[in-house]
Amino acid sequence: MIKNTAAVAAPALTRLNLWVMAIATGLVVANLYYNQPLLDEIARTFGITEAHAGSISMLTQIGYAVGMFFIIPLGDMLKRKKLIMFNFGMIIASLLLAAFSPNSTFLMFASFLIGATSVTPQLLIPMAAHLARPEERGRTVGFVMSGLLIGILLSRTISGFVGAHLGWRAMFIIAGLVMVLLWILLSFLLPEVYPEYKGNYKSLMQSLVSLIRDEPMLRMAAVRGALCFASFAAFWTTLVFLLREPPFNAGSDVAGAFGLVGAFGALGASFMGRISDKGNSQQVTTYSIGLIILSYLIFGVSGSSYLGLIAGVILLDLGVQATHISNQTLIFSLRPEARNRLNTVYMVTYFLGGASGTFLASQLWYRWQWQGVVAIGIILSILALLVHLRFTKSQPIME
């Protein structure tokens, strides 16, 4: 039987705590994306095809979904800081396995483990939402999410540069050292949050089914987010292949530099969170999905120029980020005692969407090059808009 208790009051969320969470979220989530600008170099190292190399990125995202499914619910059951500290040891070991992979099969296994262990951001975001005042929850989630998106985008810039000058293996060694330093920092500065759930792991996992069944808004947000993230992953996975071709003839460092461009989208994260706090999330989401569709139209028309790619990247990242913040602000308002489990359902679906987008884009690039990637990006983003409009028409979201 599920029981909940609030025996220990939650600590106050300080500005320092918030900054530490945002920084940690960005640095840990970066582990998932270091491999994307390096796929071409990895393919050459092991003598594999581009489609085969794309599986490395796909398996990282699948690993992330698996890790979230089995680990993140424990945030409602165990002390949050203690769980995060334990998880860091697993992250460090996984990064070192990737760095010293002797072949592509071993690297795929290590990449899966990197994804499965780098789930700390999905413990920190509900933690921030839990500690925030209700009237500031959207802004707080937006601030931490700014760190996450900046980590995603700058990870590509950093790994592209390191890969071009030091080789792809060096990137994973450096990432492991960063995780060691971050583990030390969090051990001193992260507050402890005590669980409200009292029960065993089996009943905890069974409650996920109840949440999916009983919360239609959770189902809608999960599907909407998965489709948007699939379109996001489709672009970033294949960008390095596009830039290698004429007229660009560029390497991993240029592909990674596009992360700096995409970081402009992260700057709008807190702003979007403030809008959600004011009760405009439904309208904001309609517009933000529209930005994703527009970005792919630009990619289709101007994908052979740097200017077109830059404009599209800014719109794509802003649209995906705004939709993601709106989704998380919505689900965290449903059941306060189950925020980690709500986030589990949402983020597992979200990253399965990302893995699907990576797989589809890799295969379509192999067959139809950039035109195939643009086509799947438009289809996925239009499907996200249709899901959003259908749900809000049949069951309007309470503001």
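Couple of notes before you dig in:
- Taken per residue, the accessible surface of the chain reaches 38 Å², heavy atoms only and a 1.4 Å probe.
- Within the accessible area of the stretch 56-144, the carbon and sulfur atoms contribute 74%, probe 1.4 Å, all protein chains present.
- Under 23 Å, Cα to Cα: Lys pairs in the chain, sequence gap 8 or more or different chains: 12
- Between F248 and R133, the C-beta separation translates, for a Förster distance of 45 Å, into a calculated FRET efficiency of about 0.40.
- Normalised by 2.2 N^0.38 Å, where N is the number of residues, the alpha-carbon radius of gyration of the stretch 69-162 equals 1.27.
- Inter-label distance, nm, simple model (7 Å from Cα along the C-beta direction), L181/F70: 3.1 nm
- Between L96, G300, A226, the Cα set farthest toward the positive side of the dipole of the chain (charges on each charged residue's Cβ, about the Cα centre) is that of A226.
- Protection proxy ranking of 328-336, 178-186, 301-309, 355-363 - average other beta-carbon atoms within 10 Å, highest first: 355-363, 328-336, 178-186, 301-309
- Rg and Dmax of the stretch 176-249, Cα atoms only, in Å: 20.9, 60
- Viscosity 1.567 mPa s, 4 °C: Kirkwood-radius Stokes-Einstein D of the chain over Cα pairs, µm²/s: 62 µm²/s
- Using distinct alpha-carbon pairs, which all enter the 1/r mean, Kirkwood radius of the stretch 278-399 in Å: 15.6 Å
- Each peptide in 198-205, 225-232 was scored by the mean count of other Cβ atoms within 10 Å over its residues; highest first, the order is 225-232, 198-205.
- Residues L297 and R44, FRET efficiency given R0 of 30 Å [Cβ-Cβ distance, rounded to 0.05]: 0.35
The values are calculated or read from the model by the stated rules, or taken from the named source; none is laboratory data. Keep in mind that what you see is a predicted model, and the values were worked out from it rather than measured. In this analysis, Cβ positions are derived from the backbone assuming ideal geometry, glycine residues included, and neighbour counts consider all displayed protein chains. Note: areas computed on protein heavy atoms with side chains; ligands, DNA, RNA excluded. Shrake-Rupley method; radii C 1.70, N 1.55, O 1.52, S 1.80 Å.
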